[in-house]
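Scroll down for the structure; my scribbles are underneath it.
The values are calculated or read from the model by the stated rules, or taken from the named source; none is laboratory data. Remember, predicted model here, so these are calculated numbers, not experimental data. So basically every Cβ, Gly included, is an ideal-geometry build from the backbone, and we count neighbours across all protein chains shown. Please note that ligands, DNA and RNA were not included when accessible areas were found on the heavy atoms of the full protein model with its side chains. Shrake-Rupley method; radii C 1.70, N 1.55, O 1.52, S 1.80 Å.
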Amino acid sequence: MSVKGRVGVGGGEMGSRNAVVSRNLALLLCFGCFSAGILFTNRIWTEPERTNLESKNCNQKLKFENHTSINSLGQISNTQYDISALDSKISNIEMKLAAAKAEQRSLLSGDTASGNLKRKYFMVIGINTAFSSRKRRDSVRTTWMPQGEARKKLEKEKGIVIRFVIGHSSTAGGILDKAIEAEEMVHGDFLRLEHVEGYLELSAKTKTYFSTAVALWDADFYIKVDDDVHVNLATLGTILAGHRKKHRVYVGCMKSGPVLSKRGVKYYEPEYWKFGEAGNKYFRHATGQLYAISKDLATYISENQHILHKYVNEDVSLGSWFIGLDVEHVDDKRICCGTAPDCEWKAQLGSVCAASFDWKCSGICRSVERMVEVHRTCGEDVNALEHASF
């Protein structure tokens, strides 16, 4: 009994010790779980904060990129404006470049006096021509326009420059341009313009011609004449010499024809409404077959060509450019004589014509066939130009 009682008592002490250990272990486990819970909770709260911070940084980055994009668009707009503003300057530079190239060709062909690149000339005559007018040009070359050494002598001794004026075809380097280049190789009497040829582009061609001519040659007068008109050079020079001291002079056969508002008729004026009521006439201007302007006016056209309005009729356009300017209009009927018998009668009366053509054809009718005849009946004395002094 005593043994069992001791054993029972000993077993109770061991059970009590085990209970204490279990309680300590439980406390340790609870503390561990608590610590793990705190660590886990801190991690959960730290990640959203980081996410919110990154989101905020992304928003700020987007705002910066949007701001940068807006600034870039503004810069693009300013650049486009600058490009537009430079268009006229670029066109002017291109024209000067074209003039420089033409002058270089002129120098290489011996057209200007050696050692005197910008000598003074009396008049520059530009003969307006087209790609299809080869026979017209040949009729002029065989009559009133000196050729070869005679033309160079005319430039050197009289200061008279004569060139056929033509631009380029719509197909650059095409068969039309090559035909002109081949003709130039033979005769050397062209002035090529940076201009695309077309009948409705005559006003633009006129501006380009005067601008190019005044850049190439320093002359007192610049003249435009059609390739189906007969010209007496000595008589024309004598007329212009009388106006040499005038700075702004516009010489020609002045007219004031009706403004034609009916579509489809010859010389129809699309901008007829600008000239007032129906039946009104144009302002006074020189007829387009031949006219001359002084250097100051040619320079004015060159410097303001980008803002000068172009009417469909080039003679009207030229007259409009001088409205409002202090320009003397000289109306000289010797510049618009008819062919025989008109030119013959006037010559017998001592008034030799400077230019002759048929009004009904706005030039010499069938000029290719008749130019030689007109030269014989309306031409001045064969020695007139040689003896003339301007």
Quiz item: For region 208-237, which residues satisfy the criterion of being assigned to a loop (DSSP other than H, G, I, E, B), among the hydrophobic types (A, V, I, L, M, F, W, C) and farther than 15 Å from F122 by Cα?
Solution: V229
Quiz item: From the residues in region 342-368 that are open to solvent by 40 Å² or more (accessible area, probe 1.4 Å) and in contact (Cβ under 8 Å) with a residue 24 or more places away in the chain, which one is farthest from V231 (Cα to Cα)?
Solution: C361
Practice problem: Could you tell me whether any residue of region 324-340 is surrounded by fewer than 16 Cβ atoms within 10 Å (Cβ to Cβ), assigned to a loop (DSSP other than H, G, I, E, B) and at pLDDT below 95? | Solution: yes
Quiz prompt | R376 vs. criteria open to solvent by 50 Å² or more (accessible area, probe 1.4 Å), out of contact with any strand residue (DSSP E or B) (no Cβ under 8 Å at 6 or more places or on another chain) and among the basic types (K, R) | solution = yes
Quiz item: Name the residues in region 184-201 that are in a helix (DSSP H, G or I) and either at pLDDT below 95 or open to solvent by less than 10 Å² (accessible area, probe 1.4 Å) (or both), would you?
Solution: Y199, L200, E201
Exercise. Tell me which of these D226 doesn't satisfy, since it passes every other one: (1) under 30 Å from the mean Cα position of the chain (by Cα); (2) open to solvent by 10 Å² or more (accessible area, probe 1.4 Å); (3) more than 23 Å from W144 (Cα to Cα).
Key: (3)
Exercise. Evaluate the following for Y282: is it under 30 Å from K120 (Cβ atoms), at pLDDT 90 or above and touching a helix residue (DSSP H, G or I) at 6+ places or on another chain (Cβ under 8 Å)?
Key: no
Self-check item: Condition broken by I180, with the remaining ones in (1) over 29 Å from V382 (Cβ atoms); (2) in contact (Cβ under 8 Å) with a residue 24 or more places away in the chain; (3) part of a helix (DSSP H, G or I); (4) open to solvent by 40 Å² or more (accessible area, probe 1.4 Å) satisfied
Solution: (4)
Quiz prompt | Close pairs (7 angstrom Cβ cut-off, 6 or more residues apart or separate chains): touching a residue at least 60 places away in the same chain (Cβ under 8 Å) in region 194-209, open to solvent by 40 Å² or more (accessible area, probe 1.4 Å) and of a type in the set (F, W, Y) anywhere | solution = E197/F131
Quiz item: Restricting attention to region 258-278, and to residues there that are in contact with a helix residue (DSSP H, G or I) (Cβ under 9 Å, 6 or more places away or on another chain) and small (G, A, S), which single residue is surrounded by the most Cβ atoms within 10 Å (Cβ to Cβ)?
Solution: S261
Practice problem: Please work out which one of (1) of a type in the set (V, I, T); (2) out of contact with any His (no Cβ under 9 Å at 6 or more places or on another chain); (3) buried (at least 21 other Cβ atoms within 10 Å of the Cβ) is the condition T238 fails and give its number. | Solution: (3)
Practice problem: May I ask you to list the residues in region 123-177 that are basic (K, R) and without any contact (Cβ under 8 Å) to a residue 60 or more places away in the chain? | Solution: R134, R141, R151, K152, K153, K156, R163
Quiz item: of a type outside the set (A, V, I, L, M, F, W, C), surrounded by 14 or more Cβ atoms within 10 Å (Cβ to Cβ) and at pLDDT 95 or above - does that describe any residue in region 105-118?
Solution: no
Practice problem: Return yes or no: is K281 in contact (Cβ under 8 Å) with a residue 24 or more places away in the chain and open to solvent by 30 Å² or more (accessible area, probe 1.4 Å)? | Solution: yes
